[in-house]
Structures are given as C-alpha cells and as structure tokens.
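Rule-based calculations on the coordinates, nothing more; no lab input. What you see is a predicted model; the values in this text were computed from it and never measured. Note that we place each Cβ from the backbone using ideal geometry, even for glycine, and neighbour counts take in every protein chain shown.
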Amino acid sequence: MSQQTVLVTGAFGQVGSRCAEILLQRGHTVVATDLETPASTAVAARLAHAGHRGTFLPIYANLLDAQAVSGLLTEHPPTAIVHLAAMLAPVSYHNPKLARRVNVGGTTALVTATAALPTPPTMLMASSASVYGSLNPHRYPELITPQTPVNPIDQYGEDKVLAEKAITDSGLPHAMLRLAGVISPDAAGSMNGDYLVLMRATPGDNRLHTVDARDVALAFANGVERAKAIAGKVLLIGGDESHVHTHREVEDDMMSAMGLGRLGPTASLPGNPDDDRGWSFTGWYDTTESQALLDFQEHSWPETVAWVAGAQNSVLRAVLGFAGPVIRPAMRLALAAQRRHEGRGQYADPWTLIATKYGPDVLAGRN
C-alpha cells in the first residue's frame, strides 16, 4: 500500500485521534487539524511522541476561516480527507445558527478549497444516523439501509444532510459514512446536563445501534486505503449484531460500567406506537455492505462495555457500587418527579421536551 497524505479534521476527538493513530502506525502522513484547546494539544502531544512510522503534522485551524483552510490544503495537499469536525448534538442545540455555520459552512469551505486542488483527494465524510430522523419501529420495523430515505427531525440531522449535499454536488470523489451511536470512555466521561436531557428525552424502547469508537476509527482508516472500492457510496457504520439494543439497555449497561448499576425500565418513558414523531435516532443498521467493504467490526458490545468500565476511576467506581442500592431507587424517584413537574404524559415525546428545553430552532426546517 503506497503511503498517503491524509488530512483529518476534528483530529483530536474520540474518533479522530484513533483514526490518526492507525494511519500513523501504517506509515501515512497525517495532517491533523482541530481547534486549539488544552484537550486537543494534550492529544497532539501524545500522538507526536508515540514513535509511529508515519509523519504527524498537527495544525490548528478553524474551518470557518476559508483563507486558512485554502492555505492549509495548498501547503499540504492531501490524497484523502477524513472529515470529522462538527458541532455535535446536543451541544449544537444551544446555538443552532452557529452549528449550521460550523457543520454546513465549514464543510462548504473545505469542499471549495479541496475542489481547487490540481488533483482532488477523496473525501470521507462523517455523517450520522440523525439524518433518518424519528423512526417509529412499530410502523417501520425494517433495518436502515443506505437506500432508506433521509428525513431529519432536528437541525443537527438537517446539518448533516446539507453537508452531505455540499460534497455530492461538488463532484469530488467521496464516500459518506453515517455513524451509529459512537461509544468510548471519552464520551462516557463527558456526560453533562445536555446529555442527561437527551437521555431523558429518548424513549426507553427506542432502537439504538451502537459502535465502538475504535471500530469507527478503523472504518475511516480502511476507507482511506480502499477509496476506489467505496467511491460514491453511503456506508452505515454500526457495530456487529451484539451492538443492537434499546436505548434503555445501552444506558443501563453504561451506568453499570461506571459502577452505579442498572436503573431498569421504569427510568424511561416508552415511545408512542401511533406517533411517527415520537421517537429519536438511531434505528438499527444493516451493516452488511459496509462491513464487507471496510472490515471494521472488531469489538463486540461486551468488549466495548468492558473498555468503558476499565477506564473509570477505580475508587469512584467502588464507591458507586457500594452506594448503588441506595442511589438507584432515589434516581428513579427523582426522574419520575421530574416527569410529573414537566407535565409529561404516558409517552416520551422527545422532540417536545427538547424543543421546550432549547427552543424550537433545534428542530429541522427552522433555519
């Protein structure tokens, strides 16, 4: 395999850093770009001192700065681009207009600069299951396939649809990798009030396909080296069959990994079988084609859960385990009281809760 120069945007996040590491281990040159923060510089320092065969070039840049993006690609013309940079939900719900600028405007700036290169590289775009919107499993029980129509219900999903369109309309060689629910210790350790709102809003029986962040990174790295085989394709990046769950099952497994234990079915409201807008993403993927092309599914769900558990602070995990029998009933009571205070009914009705919390601009079609 000939060595390539690969631009990775969002290079120091949970997928980007692991993708960059795989590419560097394989001897490629990685031009790694992200916003400059203490966390990103720490990851960059780790990659720089890891002794990998490839060449590592960390360059901090804002994709909203079109001139900087153009200069970056002119100075370091890549043979492939792994485009991971984005303002993710639910953080994006705080400022939908800024999220639109980052997710769509940033992608457009990258596309424009890429199209001006003498030899356009292949662009691998990190899209999302959110493009499919609210999928009612009672009315649409089939698996999601690359042919499933997009129908985003929130602005984040709409952003991804528009970003995909900017790439396809450009005529650049590309592939769209629509990611399922990415799980890693990084994500588990960054849970905050926004994520708790999203967790509370989601029906407990919502279908949720997860994928280990290490496997997502491998999918992108393999995609770089198999660009001709995946050109023009939409590929669904989810874990193997052990990663097919309900939202409640995933949440309980993650809470167990952190030491607290399982809250059980009463911690969530169900989805309304008669309401197509009463569900959240993600559905369950048919990963047959993506796995055949990218050969990325290396970690089962038990291995992913063990990875998250092993990354937790052992003392805190022990304390939570000891106090769990007291904390869990208290949490269930608190969640029930919160639902009553919010006037929530029999069903989860997630988008009503989310729009109430963040404003109606978080929904698709508003911006």
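Using only alpha carbon pairs under 8 Å that are at least six residues apart, calculate the relative contact order of segment 50-135 and give it in whole percent.
This gives 40 percent for segment 50-135.
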Checklist entry - Of the residues M176, M331, M199, which exhibits the maximal mean-square fluctuation in a Gaussian network model of the chain defined by a 10 Å Cα contact cut-off? => result M331
Item to check | Proxy reagent accessibility, fewest Cβ within 10 Å first, across V234, V150, V15, V319 | outcome: V319, V150, V234, V15
Next on the checklist: Over 5 Å intervals from 0, what percent of Cα-Cα pairs in segment 1-128 sits in each interval?
Outcome noted: 2, 11, 22, 24, 20, 13, 6, 2, 0
Checklist outcome for this item: A student asked for the Cα radius of gyration and Dmax of segment 73-120 in angstrom ought to give 13.0, 39
Checklist entry - What percentages, rounded to whole numbers, describe P(r) for segment 1-56 computed over all alpha carbon pairs with 10 Å bin width beginning at zero? => result 28, 59, 12, 1
Item to check | Principal axis dimensions, segment 84-162 - Cα atoms, whole angstrom, descending | outcome: 50, 31, 15
Checklist entry - Roughly how many Å is it from the Cα centre of segment 194-258 to that of segment 67-139, as a whole number? => result 19
Checklist outcome for this item: Its Cα gyration tensor gives segment 245-367 an equivalent ellipsoid whose semi-axes in whole Å, largest first, are 28, 26, 13
Checklist entry - For the chain, what is the percent of antiparallel DSSP beta bridges, rounded to the nearest 5? => result 10
Item to check | Alpha carbon Rg of segment 37-92, scaled by the compact-globule rule 2.2 N^0.38 Å | outcome: 1.33
Next on the checklist: Please rank K165, K357, K160, fewest neighbouring Cβ atoms within 10 Å first, as an exposure proxy.
Outcome noted: K165, K357, K160
Checklist entry - Roughly how many Å is it from the Cα centre of segment 162-189 to that of segment 270-335, as a whole number? => result 21
Checklist outcome for this item: Hull volume per residue for segment 52-206, using the convex hull of the C-alpha atoms, in Å³ is 148
Item to check | Overall dimensions of segment 191-287 as given by Cα atoms, namely Rg and Dmax in Å | outcome: 16.0, 48
Checklist entry - Using a Cα distance threshold of under 24 Å, what count of lysine pairs results for the chain when pairs must be 8 or more residues apart or interchain? => result 8
Checklist entry - Looking at (i) 43, 23, 16; (ii) 34, 23, 19; (iii) 33, 27, 21, which value of semi-axes √(5λ) of the Cα gyration tensor in Å comes from a calculation on the structure shown? => result (ii)
Checklist entry - What is the local net charge at S130, summed over the other residues whose Cβ is closer than 13 Å to its Cβ (Lys, Arg +1; Asp, Glu -1)? => result -2
Checklist outcome for this item: Placing one equal point scatterer on each C-alpha of segment 253-316 and summing with Debye, one gets log10 I(q)/I(0) at q = 0.13 Å⁻¹ equal to -0.65
Item to check | Most mobile listed residue (E303, E158, E75) in the chain, GNM with C-alpha springs under 10 Å | outcome: E75
